[in-house]
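Chemist: Supplied in structure tokens, the structure appears directly below.
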Amino acid sequence: MSIRILTISGSSRRDSLNQKLVDVAAVGARGAGAEVTEARLANYDLPVYDSDFEVERGIPEAVRVLQELFARHDALLIATPEYNGGYTALLKNTLDWISRPRADGSSGVSLFAGKTAALVSASPGQLGGVRSQIGMRAVLEKLGTLVIPEAFALSAAHQAFDDEGKLKDKNVELAVSGVGAALVRTAARLA
Ligand SMILES: Cc1cc2nc3c(=O)[nH]c(=O)nc-3n(C[C@H](O)[C@H](O)[C@H](O)COP(=O)(O)O)c2cc1C
């Protein structure tokens, strides 16, 4: 059975550099034999998490859909953009909602436990968003997800892609797709 990988970009921007980067990593994952599904956060309209909202109005349908998507996948390939030295509110808000109880009453946190994840990031800046990876790694590990050491931070990302969304530098492309392939290998060993 092939490893099932869910890709997520922590930016919902139409031309998100992080979406483009995770797409390249996904090519590597597919090449290593994984089945890859793309979750576009722009398609899930979630309110900012608030426990009063949860108590009074329940868990939004979009969260239910994401929880079931998480349940069907073995590993996460996440592109984590950097806003002011950290990961984006969109990404954290999405993970916070998913961690809430599922429709059958089971724990949403269990959707993260035992999963494997890999992180990539892209930024026009010189550090490629690496600081957001540090924070996101800590969040995922707290949730019980094993974050593999293979990762990539793409600096000057606004100049790195061609019009078709391909990385111009073949060595960078190899390194990024290698992150996707490494995720498949580790997830397969743990399966
Ligand atoms: C509020 C805000 C804060 C930002 N802070 C950082 C930062 O700390 N470090 C960095 O490298 N880029 C920073 N950026 C630039 C983002 O990396 C850049 O907008 C990037 O393209 C966002 O990812 P996306 O292309 O996937 O949407 C910031 C952008 C915004 C809007």
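The values are calculated or read from the model by the stated rules, or taken from the named source; none is laboratory data. The structure displayed is predicted, hence computed values, not measured ones. Surface areas here come from the heavy atoms of the whole protein model, side chains and all, with no ligands, DNA or RNA. Shrake-Rupley method; radii C 1.70, N 1.55, O 1.52, S 1.80 Å.
Chemist: Taking the full set of protein chains and a 1.4 angstrom probe, give the accessible area of Val65 in square angstrom, rounded to the nearest 10.
Modeler: 70 Å²
Chemist: So how much slack lies between Asp52 and Arg13, counting 0.36 nm per residue of separation and subtracting their Cα-Cα distance, in nm? Display every interim value, and only then the final one.
Modeler: On the way: separation 39, 0.36 × 39 = 14.04 nm, distance 2.87 nm.
The span from Asp52 to Arg13 would gain 11.2 nm if fully extended.
Chemist: On average, how much accessible surface per residue is there in the range 4-190, in Å², for a 1.4 Å probe, leaving out ligands, DNA and RNA?
Modeler: Numbers: 9000 Å² over 187 residues.
On a per-residue basis, 48 Å².
Chemist: Before anything else, pin down the relative contact order of the range 1-131: Cα pairs under 8 Å, at least 6 apart, normalised by residue count, whole percent.
Modeler: Computed over the range 1-131, the figure is 32 percent.
Chemist: With θ taken as phi - 60° and the coefficients 6.51, -1.76 and 1.60, list the Karplus ³J(HN,Hα) couplings across the range 37-53 in order, rounded to whole Hz; mark glycine and proline as x.
Modeler: 10, 9, 9, 9, 5, 4, 7, 10, 8, 9, x, 5, 4, 8, 5, 4, 4
Chemist: Show the residues, 5+ positions off or on another chain, whose built amide H is closer than 5 Å to the amide H of Glu38.
Modeler: Thr7
Chemist: Out of the DSSP beta bridges found with both residues in the chain, what percent are antiparallel (nearest 5)?
Modeler: Of all bridge pairs located within the chain, approximately 10 percent are antiparallel.
Chemist: A further question on this structure: Ordered by residue, what ³J(HN,Hα) values in Hz, to whole numbers, does the range 106-113 give under the Karplus form 6.51 cos²θ - 1.76 cosθ + 1.60, where θ = phi - 60° and Gly and Pro are x?
Modeler: Couplings: 6, 6, x, 4, 5, 6, 9, 5 Hz.
Chemist: Show me, bin by bin at 5 Å from 0, the whole-percent P(r) of the range 149-191 based on Cα pairs.
Modeler: Final binned percentages: 5, 21, 25, 20, 13, 8, 6, 1.
Chemist: Hey, what number do you get for the chain at 222 nm if only DSSP H runs of n ≥ 4 count, each worth -39500 (n - 2.57), divided across all residues, to the nearest 500?
Modeler: -12500 deg cm²/dmol
Chemist: Hey, which lysines would be in cross-link range of Lys92, C-alpha to C-alpha under 26 Å, not counting anything within fewer than 8 residues on its own chain?
Modeler: The qualifying lysines are Lys20, Lys115, Lys142.
Chemist: While we're on this one: Cα-Cα pairs above 21 Å in the chain: how many percent?
Modeler: Percent of Cα pairs beyond 21 Å in the chain: 47.
Chemist: What list of ³J(HN,Hα) couplings, whole Hz, do you get for the range 88-102 from phi and the Karplus terms 6.51, -1.76, 1.60, once you set θ to phi - 60° and write x for glycine and proline?
Modeler: Couplings: 7, 4, 4, 5, 5, 4, 5, 5, 4, 5, 4, 6, 6, x, 7 Hz.
Chemist: Next question, about the same structure. Could you pull the accessible area for Tyr83 with a 1.4 Å probe, rounded to 10 Å²?
Modeler: Approximately 140 Å² of Tyr83 is accessible to the 1.4 Å probe.
Chemist: Could you work out what % of the accessible surface of the range 1-120 is carbon and sulfur, using a 1.4 angstrom probe and leaving DNA, RNA and ligands out of the count?
Modeler: 46 percent
Chemist: Post the alpha-carbon centroid distance, the range 127-171 to the range 1-79, in whole angstrom.
Modeler: 16 Å
Chemist: Defining a contact as two alpha carbons under 8 Å apart and six or more residues distant in sequence, what relative contact order in percent does the range 105-151 show?
Modeler: Once normalised by length, the contact order is 50 percent.
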